[in-house]
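Working notes, beginning with the structure itself.
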Amino acid sequence: MPSPMSLIYYAFHPTELRSIIQWKVWHNPVHERDESKETDALKRCFYFLDMTSRSFSAVIKELHPELLVPVTLFYLVLRGLDTVEDDMTIPLETKEPILRNFQDVLEQDGWTFTENGPDEKDRQLLAEFNVVVEEFKKIKPAYKTIIKDITKKMGNGMADYVRNAEHDTNGVNTIKDYELYCHYVAGLVGEGLTRLFVEGGLATTELLKRPVLMESMGQFLQQVNIIRDIKEDHVDKRRFWPKEVWSKHVDKFEDLFQPENKEKALSASSEMILLALNRADDCLYYLAGIREQSVFNFCAIPQSMAIATLDVCFQNHELFKRNVKITKGEACQLMIESSQNLQMVCDVFKRYTRKIHQKNNPHDPNFLKISIACGKIEQFIETIFPSQKPPVDAKHKSPASLAEEARLKKEAEEAKWDNIYMALAVVSTITVITGLMLFIAWLAGARFDVAFVQFKEQMGQLLGIGQASNATAPSGHSEL
Amino acid sequence: MAPIKVLVTGGTGFLGSRIVEALIEAKSFEITALDINPPALGTQSYPEVKYVRANVLQQEELRKAFSEARPTIVIHTVAVIPLGDARYSTKGKEAVFEVNVGGTRNVLNVSKECGAKGLVYTSSVTVVLDELEVDFKNVDETWPTGRATTTYGQSKAAAEALVLSFNTSDFLTCALRSAVLFGPQDPTCIPILHGCIARGETPFILGEGTNLQDYAYVCNVADAHVLAVRNLLDSGTAAGEAFFITNGEPVTARDICIAVWKEFGHVPSFQVRIPEGLAWWLALGMERLTWMTGSKSTLSRGMILDVTKNRYVSIAKARRVLGYEPKVSLPEAMRVSCEHFKQRWSEQEKR
């Protein structure tokens, strides 16, 4: 049930409401899961997917049948890892070996884990992890290898991170540390998914030859989440903004949230946004390598949401007071635009880049750098979708362009006849329909004769007035 | 290996002197700097560089200097750039062509005569982009020249065509089309923008303010010249080719202005957007007014087109063929350049 506040909001933003309705009514999934063929364990896996992921479950469930199950399991495995890592009630000596050996768990029949604290929201997933293991054993060996490999890398990365007690007291130190953290939790996901796509033949192998692209896909999403969640993470006593960035503006991390430090906090946030923004062109480049619609939507929708989120966070001091997010209507609009083709996603990126650029504050220490980052995104879009072609000089026309001209002339001629036929068709349709309507009316007993007589009388009255005034003129004339 | 002899025309100029420095740094060249002026007072000159005075319009002077220097490669940077109102008028066109095209022809002829193996010509993005009414977004070297409407763009296009037509297997030529240059000692770009502060022109934004433009830091362009020299000496893949050379960081004209003003401690306290159409009429009025009063104004119709259109290029070809990579990024370059001016102007005040 929508809240009264949102009703008022959408009364004043009808285009956003329209987007919501459009998405709900007209969006057809590219592929739909066939529940009749699913085992109980697999059904349970999808249940957990819905439980644990708000944003990803919809796009995952529309994936191509080839990758639907592998990606679902991959997601659940990573979510399982995350649930172990995040839970502060598990002692380090229990936690570390599980994180480091999670890839082996995947092939241990009936493996479950029940030592999560009672407040851990995803604890049920680990308590019934045997269903994931059961399904994991059935997928193609190539997919298993990829998922295990990424699980191993990520588990070790997380274990290193939890061992490093310094993170708990000071958070992340340098920008390098920050990007390394994002690599473990998101860059690796990008790598795993890309390998799955390429293995399944749904993306070009070129994506594996330029690993920076898949890294940027993960980094962009993760960095945007970290920027947006600053307040929430602070309340939960977690710090992901690197000290290298915020210490340029304030002495203590907490000072970012003091109202009197508004300008400084905004400068720190715009530096964080700049770091993320520099990845945007890589993300578009990556999307160009995808060969299948459902995979494209799966990748593009979160990216569009991310750039829109950057825009709401940019130069917005609310960021330090509450969780800012894009509206439901904007989200639906973005989903519509991001489930078509690359050009439309590029338009989305260009639109939000310009919005960010417009808000760029001349007082900001990174003013010029942000401007350059925005320019870079626009230039990149221009390289993949040039809006201009070199002019052909009229003076030296090559034979090729003469042939081209003849073709254009022929096309123009054809277009002219198309128009004539179209006009004829319209006129004859109208005539036939009018005739039919009159005929039906006549059949139904319409008295055209009476109508005609009345029409004549009324016209006569109208004209009669005109005739009366006209009549004086000739008489006056005759007097002359 | 014996050092390779390189002669730089305009070698004491804004760009020329930076090219000389970049050549010194490369440590494998014997350098002659030819210029109509000796090194200006207060600028650095180098003991390892031979300075010669000659006018590119005087064939005999040139021939004498070249036959003494015997350069293997010539870098030709000499040009006149009409600024301000002159940029948009055809007045003085002959004089510009005389130096930019005639001078280039003289240098080409004398270089060949004296046995040079190649020539690198400092061209300009204006050979394509100075068709002022048109937007140029990320254009590359496949775009035709010869459509420029300004005297400068036309003269550079003619000279560039001449240079590239001189390319033969025993005399290799290439052209580097530089974007608007700025840097320390920059005679135009930064001083002009700085001048807007005192005249109170900084709050006004002309047009949409979303159009992107290219700039080039003088030292990066100097690096590109050294790369071009090396290419002509080694693989020769650049021979007969033109390359766009910029900082590869297109930004809006408005933002580059703000960046300069900020360096001088000025940020406009408010902003007023003047739509392109209105600006055009204002400019027309100003032009009439200045024509009657004989005073000078910043605003003119040509200038409005200059700042409200997209004018940026792709440097992919220079990256691929020359291995060019702008070493100093725009923010750092801006900081260094403005720092230089701040120092120079504060010293002038003390005197």
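The values are calculated or read from the model by the stated rules, or taken from the named source; none is laboratory data. This one's a predicted model, so the numbers in the text were calculated from it and none came from an experiment. We place every Cβ from the backbone using ideal geometry, glycine too, and count neighbours over all the protein chains shown. Heavy atoms of the whole protein, side chains included, go into the accessibility calculation; ligands, DNA and RNA do not. Shrake-Rupley method; radii C 1.70, N 1.55, O 1.52, S 1.80 Å.
Label sites at residue A:145 and residue B:278, each approximated as a point 7 angstrom past Cα along Cα to Cβ, lie 6.6 nm apart. Contact with the other protein chains removes 40 Å² or more of accessible area, compared with the isolated chain and a 1.4 Å probe, from these residues of segment B:196-222: B:210, B:212. Residues of segment A:365-393 that bury at least 30 Å² of accessible area once all protein chains are present, compared with their chain alone (1.4 Å probe, heavy atoms only, ligands and nucleic acids left out), are A:367, A:368, A:371, A:372, A:375, A:378, A:379, A:382, A:388, A:390, A:391, A:393.
Hey, got a sec? Which GluC sites (Glu not before Pro) in segment B:1-84 land in a DSSP loop and have at most 14 other Cβ atoms within 10 Å?
On the way: sites: B:21, B:25, B:30, B:48, B:60, B:61, B:68; in loops: B:48.
Passing both the DSSP loop test and the Cβ count: B:48.
Taken residue by residue and averaged, Cβ atoms of other chains lying within 10 Å of the Cβ of B:130-143 number 3. Let's test the formula: R0 of 25 Å, r as the Cβ-Cβ distance of residue A:291 and residue A:28. What FRET efficiency results, to the nearest 0.05? Plugging the Cβ-Cβ distance into 1/(1 + (r/R0)^6) gives 0.80. The accessible-area loss of segment B:235-267 on complex formation, taken against its chain alone with a 1.4 Å probe, reaches 20 Å² or more at B:249, B:250, B:251, B:255, B:258, B:259, B:262, B:267.
Considering only B:270, B:29, B:243, the Gaussian network model of chain B with Cα springs below 10 Å gives its largest mean-square fluctuation to B:270.
Can you pull out the trypsin sites (Lys or Arg not before Pro) in segment B:23-60 whose DSSP state is coil and whose Cβ has at most 15 other Cβ atoms within 10 Å?
Details: sites: B:27, B:50, B:53; in loops: B:27.
Passing both the DSSP loop test and the Cβ count: B:27.
Which value, in Å², gives the accessible area per residue of chain A when a 1.4 Å probe is used on the protein heavy atoms? Show your work: numbers first, answer last.
Details: 25680 Å² over 480 residues.
Here the per-residue accessible area is 54 Å².
Gain on full extension, evaluated as 0.36 nm per residue between residue B:316 and residue B:83 minus their Cα-Cα distance, stands at 81.0 nm. Surface composition of the protein assembly as shown: carbon plus sulfur atoms hold 57% of the accessible area, using a 1.4 angstrom probe and ignoring ligands, DNA and RNA.
Which entries of A:264/A:369; A:152/A:325; A:252/A:325; A:328/A:369; A:231/A:325 show an alpha-carbon separation above 24 angstrom in the structure shown? Before the final figure, lay out the partial values.
Details: A:264/A:369 17 Å; A:152/A:325 33 Å; A:252/A:325 26 Å; A:328/A:369 31 Å; A:231/A:325 12 Å.
Pairs exceeding the cut-off: A:152/A:325; A:252/A:325; A:328/A:369.
Which value, to two decimals, describes the C-alpha radius of gyration of chain B once divided by 2.2 N^0.38 Å?
Values: Rg = 20.3 Å, N = 351, 2.2 N^0.38 = 20.4 Å.
So chain B has a normalised radius of gyration of 0.99.
For residue B:136, the residues whose amide H sits under 5 Å from its own are B:310, B:311, B:312, ignoring neighbours fewer than 5 places away on the same chain, with H placed 1.01 Å from N.
For chain A, what is the Kirkwood hydrodynamic radius in Å, using each pair of distinct C-alpha atoms? For chain A, inverting the mean 1/r across all distinct Cα pairs yields 27.4 Å. Of all aspartates and glutamates in the structure, those lying under 15 Å Cα to Cα from residue B:64, and not within fewer than 8 positions of it along the same chain, are B:35, B:113.
Modelled label positions at residue A:347 and residue B:349, each set 7 Å beyond Cα in the direction of Cβ, lie 5.3 nm from each other. Excluding ligands, DNA and RNA, the accessible surface per residue across chain B is 44 Å² with a 1.4 Å probe.
A full extension of the chain between residue A:412 and residue A:258 corresponds to an added length of 48.8 nm, given 0.36 nm per residue minus the alpha carbon distance. Summed over both chains, the contact between A and B buries some 2200 Å² of accessible surface at a probe radius of 1.4 Å. What residue among B:110, B:336, B:307 has the largest mean-square fluctuation in a Gaussian network model of chain B, using Cα springs under 10 Å? Looking only at B:110, B:336, B:307, the biggest GNM fluctuation is shown by B:336. Segment A:336-367 and segment B:312-332 have Cα centres separated by 24 Å. Distance between the 7 Å Cα→Cβ label points at residue A:446 and residue A:180: 8.5 nm.
Take every DSSP beta bridge whose two residues both sit in the protein assembly as shown; close to 10 percent of them are antiparallel.
Please compare each pair in A:37/A:137; A:24/A:61; A:144/A:209; A:321/A:376; B:262/B:309; A:376/B:309 to a cut-off of 27 Å on the Cα-Cα distance and tell me which ones are over it. Present the calculation step by step, with values, prior to reporting the outcome.
Details: A:37/A:137 17 Å; A:24/A:61 16 Å; A:144/A:209 21 Å; A:321/A:376 31 Å; B:262/B:309 24 Å; A:376/B:309 17 Å.
Beyond 27 Å: A:321/A:376.
Under a 5 Å amide H cut-off, with hydrogens placed 1.01 Å from N, residue B:177 pairs with B:123, B:243, B:244, B:245 among residues at least 5 apart or on other chains.
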